[in-house]
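Below you'll find the structure I mean.
Every number here is computed from the coordinates shown, using simple stated rules; none is lab data. Source: prediction; values computed, not measured. Cβ coordinates were reconstructed from backbone atoms using ideal geometry, including for glycine residues, and neighbour counts include every protein chain displayed.
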Amino acid sequence: MSYILTIDIGNTRAKYAVFRDDSIIETAVFNPYNNDLKDITEKYPQISKVILSSVGGKIEECLNQLKNHQVITLSGKTPLPFSLKYKDKSQVGSDRLVAVAAAMAEKPNQNNLIIDIGTCITYDILTSDNYHLCGPISPGINLRFKAMNDYTAKLPLCKPSMDDINIICNSTEECLHAGVIGSISIEIEGFIKKYSNIYENLNVFIIGGDNIFFENKLKNCIFADANFTFNGLRYILNYQ
């Protein structure tokens, strides 16, 4: 049996998953400043390979805990199962590479659009002939709420909710919720339409920590589960 450790450090959380062959046997959030990763490798001494993706720093803190392991730190220079079309590959976030790899594993040799709704919202295309094309980046839900609170005198800081969007609102909070969630929904639908006019039979993956707020608002999309990113990391690691 093959044991691997996949690590994903985002802007807000750090997570790991331990695979035994193709199945996840443990996953959780962790603190890079503790010895959490060292504890995991001691719990599973069978772990032979490790892959790390980080857009939130803390790489050295993790590597210091994994000195006895072969660790691949994912970047645009890492060998990938697809061709990355970008002027400066070092500028491409590893989270985008992982998302594309996960879509490739799930829908190989097809046109895929991956929309990651997190701190920021990113759009990535994987073509049926395995080219990765980077798309727009826009502010995520909480960035939009925070910006309106920071740059106005009276607008409150709101949090996202699962409530329906009403364009006729009865409170400031409702107005803010409709403006943020509604505008993101319209933005996403607009980009899906534009991409669908270019790429036939387009699969649309909605991923990221805030995708839950759009499950009932966006149609004909594949809402990825919590293991989507880990499966992308495993796919890249197996390609090495």
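Modelling each spin label as a point 7 Å along the Cα-to-Cβ direction, I'd like the TYR239/ASN149 distance in nm, to one decimal.
In this crude spin-label approximation the distance works out to 3.9 nm.
Counting Lys and Arg as +1 and Asp and Glu as -1, each charge on the Cβ, what is the dipole of region 1-73 about the Cα centre in debye, to the nearest 20?
Dipole magnitude for region 1-73 comes out near 80 debye.
Turning to a different aspect of this structure: How much net charge surrounds ASN216 when only other residues with a Cβ under 12 Å from its Cβ are counted (Lys, Arg +1; Asp, Glu -1)?
Net charge in that neighbourhood comes out at -1.
In the chain, what percentage of the DSSP-assigned beta bridges are antiparallel, given to the nearest 5?
55
A further question on this structure: Nothing charged except the Cβ atoms of Lys and Arg (+1) and of Asp and Glu (-1): what's the magnitude of the dipole of region 148-220 about its Cα centre? Round to the nearest 20 debye.
So the magnitude is around 140 debye.
Sticking with this one: State the dimensionless ratio Rg/Rh of region 1-73 (Rg: radius of gyration of Cα atoms; Rh: Kirkwood radius).
We get a ratio of 0.92 for region 1-73.
Another question about this same structure. Give me the net charge for the shell around LEU155: Cβ to Cβ below 11 angstrom, other residues only, Lys and Arg +1, Asp and Glu -1.
0
Here are some values of volume of the Cα convex hull per residue in Å³: (1) 156; (2) 124; (3) 140. Which one was computed from this structure?
Entry (3).
Cα axis of helix 228-239 to longest principal axis of the chain: angle in degrees, 0 to 90, nearest 10?
40
So which aspartates and glutamates can LYS49 reach, going by Cα to Cα under 15 Å and dropping same-chain residues fewer than 8 places off?
Reachable aspartates and glutamates: ASP8, ASP21, ASP22.
Here is a follow-up. Using helices alone, what [θ] at 222 nm do you get for the chain, with -39,500 (n - 2.57) per DSSP H run of 4 or more residues, divided over all residues and rounded to the nearest 500?
-10000 deg cm²/dmol
If you take the beta carbon distance between ASN220 and ILE167 as r and set R0 to 22 Å, what does 1/(1 + (r/R0)^6) give as a FRET efficiency, to the nearest 0.05?
Calculated transfer efficiency: 0.45.
Further question on the same structure: Excluding residues fewer than 8 places away in the same chain, name every one of the lysines whose C-alpha is closer than 19 Å to that of LYS219.
Straight-distance partners of LYS219: LYS107, LYS193, LYS194.
In addition: What angle, in degrees between 0 and 90 and rounded to the nearest 10, separates the Cα long axis of helix 94-106 from the longest principal axis of the Cα atoms of the chain?
80
Still on this structure, please answer the following. Below 10 angstrom from the Cβ of ASN142, what's the summed charge of the other residues (Lys, Arg +1; Asp, Glu -1)?
+2
Determine the dipole magnitude for the chain: charges of +1 sit on the beta-carbon of Lys and Arg, -1 on that of Asp and Glu, nothing else is charged, the reference point is the Cα centre, and the result goes in debye to the nearest 20.
Using only the charged Cβ atoms, the result is roughly 540 debye.
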